[in-house]
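Written below as structure tokens is the structure these notes are about.
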């Protein structure tokens, strides 16, 4: 049983602080207790992401997102039956409480089960021209620009490997030989890498039509110019739990209107909002697709991922949104590249 003291929070702890506590531990959970040490709720990554989708601000109290009725166990519960319960309910952890509900510890499924390799393939889109990063990309494809001493694409590969992924496809076009020469068949990293060669630009979804064999498990697709610390295992679990045919990762984006916004009713002014902040969810360039979603992608045709999602929605197929709260940076401009170089040591080392 792991030490649980560092992941205890009070009901009025800000959500933002709770996120920091969860991220700083390896337990992926925070335990909400009252002044007497009684367990009143739990908070997981999924609880927080659902709260974000509901518009709950990160400076709100953790009571707004916590699970008020968590599954718990007693210290004398049989270990074998406890593991059976965890597996049956899809739980990674169960708090241990006494008869009064006082928190005594935390049982963690990952302590008993060896990590297993995932059979999901990962497709990394690495064929872009990188026009906005010229002159850096005149002789080098954007995914192969080095940050922290290694190509961006290699950092992405290593992050997926940490979550147990072993099968990769790189969609390549511009200066593809630089990518294929560096990565080869992936044996250097103990994984399998194959290539989807685009003779012409097919877009972020069209390249998937080049897959020779239909996958049997959900695919993860990601742009090859992103640096992120998204937990890809959690993303896949989220996708499965929502029974979605496709999941799009989203980021909250906000901007401040530099003027006073006037609200009117016909010709009358009914209010003035001084420099309001507008918030939106935007596409983050990371996706999970069920195999049947590939049937909506035409062959040898330019086809972007947003168009695929629109087709799926139009066909009445369930699609979901996974809000990213971790580090995420789209390296689209020189300023982004410089920022990534500055961030790398703190985020990825």
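Bear in mind that the values in this text are calculations on the coordinates, not laboratory data. It should be emphasised that the depicted structure is a prediction, and the values quoted were computed from it without experimental measurement. Cβ atoms come from the backbone with ideal geometry, glycine included; neighbour counts cover every protein chain shown.
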Legend entry - Spatial separation of Cα centroids for the range 175-199 and the range 252-313, in angstrom: 34
Legend entry - Ranked list, fewest to most other Cβ atoms within 10 Å of each Cβ, for 245, 87: 87, 245
Inset, instruction - Can you tell me how much longer the chain between residue 5 and residue 265 gets when fully stretched, taken as 0.36 nm per residue apart minus their C-alpha distance, in nm with one decimal? - result: 88.1 nm
Inset, instruction - Mind pulling the angle between the C-alpha long axis of helix 334-347 and the longest principal axis of the chain? Nearest 10 degrees, somewhere in 0 to 90. - result: 40
Legend entry - Acute angle (nearest 10 degrees) that the helix 305-314 long axis makes with the longest principal axis of the chain, alpha-carbon atoms: 60
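Relative contact order for the range 118-347: what is it in percent, counting Cα pairs under 8 Å that are at least 6 residues apart?
Details: 415 pairs, mean separation 56.4, N = 230.
Computed over the range 118-347, the figure is 25 percent.
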Legend entry - Inter-label distance, nm, simple model (7 Å from Cα along the C-beta direction), residue 12/residue 292: 5.0
Legend entry - At R0 = 35 Å, FRET efficiency that the Cβ-Cβ distance of residue 313 and residue 59 yields, to 0.05: 0.60
Legend entry - Distance in nm between pseudo-label sites at residue 212 and residue 339 (7 Å out along the Cβ direction from Cα): 4.0
Legend entry - Cα shape, the range 259-328, gyration tensor, a/c 1.5 rule: prolate
Inset, instruction - Could you list 140, 249 in order of exposure, starting from the residue whose Cβ has the fewest other Cβ atoms within 10 Å? - result: 140, 249
Legend entry - Cα-based helix-to-principal-axis angle, 79-89 vs the chain, degrees rounded to 10: 50
Inset, instruction - At 7 Å along the Cα-to-beta-carbon direction for both residue 71 and residue 187, put a label point, then send me their distance in nm to one decimal. - result: 4.3
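Assuming R0 = 22 Å, can you tell me the calculated FRET efficiency for the pair residue 300 and residue 162, based on Cβ-Cβ distance, to the nearest 0.05? Intermediate results must be reported in sequence, preceding the final value.
Numbers: r = 35 Å, r/R0 = 1.59.
Once rounded, the FRET efficiency stands at 0.05.
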Inset, instruction - State the extension gain, in nm to one decimal, for the chain segment bounded by residue 132 and residue 35, taking 0.36 nm per residue of separation less the distance between their alpha-carbons. - result: 29.4 nm
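Looking at the square roots a ≥ b ≥ c of the eigenvalues of the Cα gyration tensor of the range 5-111, which shape do they give, rounded for a/c under 1.5, prolate if a/b is larger than b/c, or oblate? The partial results should precede the final answer.
Working: a/c = 2.04, a/b = 1.52, b/c = 1.34.
Note, shape of the range 5-111 comes out prolate.
Could you tell me which of rounded, prolate or oblate describes the chain, using a ≥ b ≥ c as the square roots of the eigenvalues of the alpha-carbon gyration tensor, with rounded for a/c under 1.5 and, failing that, prolate when a/b is larger than b/c and oblate otherwise? The partial results should precede the final answer.
Details: a/c = 1.81, a/b = 1.28, b/c = 1.42.
It comes out oblate by the Cα gyration axes.
Rounded to the nearest 500, what is the chain's calculated 222 nm mean residue ellipticity when only DSSP H runs of at least 4 contribute -39500 (n - 2.57) each, over all residues? Spell out each step's value before the answer.
Details: 9 runs with 87 residues, N = 349.
After summing the helix terms and dividing by residue count, I get -7000 deg cm²/dmol.
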Inset, instruction - Find the relative contact order for the range 49-208 and round it to a whole percent, using C-alpha pairs within less than 8 Å whose residues are 6+ positions apart. - result: 16
